[in-house]
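The values are calculated or read from the model by the stated rules, or taken from the named source; none is laboratory data. Everything numeric in this text was worked out from a predicted model, so none of it was measured. Methodologically, a virtual Cβ is constructed for each residue, glycine included, from the backbone with ideal geometry; neighbour enumeration extends over all protein chains shown.
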Amino acid sequence: MKNKINKYDIGLILIIIVINVMILVFGSMNTADKGKKIAYVYSNNQLVGEYTLTEDYKTEFKVESGSGYNVIHIEGGKVWVQDASCPDKVCLHQGKISSDGEFIACLPNGLMITIVDNEKNENDSDIMTK
Ligand SMILES: [Zn+2]
């Protein structure tokens, strides 16, 4: 019994160490990790999703707000609105976004998708601290 508990404890400690090391490694590798883009999805000014855009990452999900829904599709490093309940369909017509600073907004549903390029942000903060 004691052995089992000890093994379990050691396992937990190892997991915590591995996670900490990963955070350290990934944190310091930010500059080397070129072109890492993240799509942030906001619904009524609240962050509801965060997706790292890579060539082989593909997903589709629905964001619902009090006034309607948007179906967001991510594929091939691009993000777009696949379907939406809003009357104007402006978000659908905004097409595919894939670059830093680009965004899609659906005002009727309070939806906002923005893309942030980690590499560019890293450069920006470098300039600010120098
Ligand atoms: Zn819309």
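Residues being over 15 Å from Glu50 (Cα atoms) and assigned to a loop (DSSP other than H, G, I, E, B): count how many of those fall in the stretch 60-100.
Result for the stretch 60-100: 12.
Among all residue pairs at least 6 apart or on different chains, which show Cβ distances below 8 Å where the first residue, located in the stretch 101-119, is free of Cβ contacts under 8 Å to residues at least 24 places away in the same chain and farther than 16 Å from Phe61 by Cβ and the second is among the β-branched types (Val, Ile, Thr) and within 9 Å of the ligand (Cβ to nearest atom)?
Between residues of the stretch 101-119 that are free of Cβ contacts under 8 Å to residues at least 24 places away in the same chain and farther than 16 Å from Phe61 by Cβ and residues that are among the β-branched types (Val, Ile, Thr) and within 9 Å of the ligand (Cβ to nearest atom), the close pairs are Ala105/Val90; Leu107/Val90.
Would you check if there is a residue in the stretch 104-121 being surrounded by 10 or more Cβ atoms within 10 Å (Cβ to Cβ), modelled with pLDDT under 95, among the basic types (Lys, Arg) and more than 16 Å from the ligand (Cβ to nearest atom)?
Taking every residue of the stretch 104-121 in turn, at least one turns out to be surrounded by 10 or more Cβ atoms within 10 Å (Cβ to Cβ), modelled with pLDDT under 95, among the basic types (Lys, Arg) and more than 16 Å from the ligand (Cβ to nearest atom).
Rundown of residues vs (1) in contact (Cβ under 8 Å) with a residue 12 or more places away in the chain; (2) over 26 Å from Phe26 (Cα atoms); (3) within 14 Å of the ligand (Cβ to nearest atom); (4) in the same structural domain as Gly101 (by TED's automatic domain parsing), yes/no style:
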{"residue": "Tyr42", "(1), (2), (3), (4)": "yes, no, yes, yes"}
{"residue": "Glu55", "(1), (2), (3), (4)": "yes, no, no, yes"}
{"residue": "Thr59", "(1), (2), (3), (4)": "yes, no, no, yes"}
{"residue": "Val63", "(1), (2), (3), (4)": "yes, yes, yes, yes"}
{"residue": "Gly68", "(1), (2), (3), (4)": "yes, yes, yes, yes"}
{"residue": "Ile72", "(1), (2), (3), (4)": "yes, yes, yes, yes"}
{"residue": "Lys89", "(1), (2), (3), (4)": "no, yes, yes, yes"}
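Given the conditions (1) surrounded by 17 or more Cβ atoms within 10 Å (Cβ to Cβ); (2) at pLDDT 95 or above; (3) within 18 Å of the chain's Cα centre (by Cα), report the number of the one that Gln82 does not fulfil.
(1)
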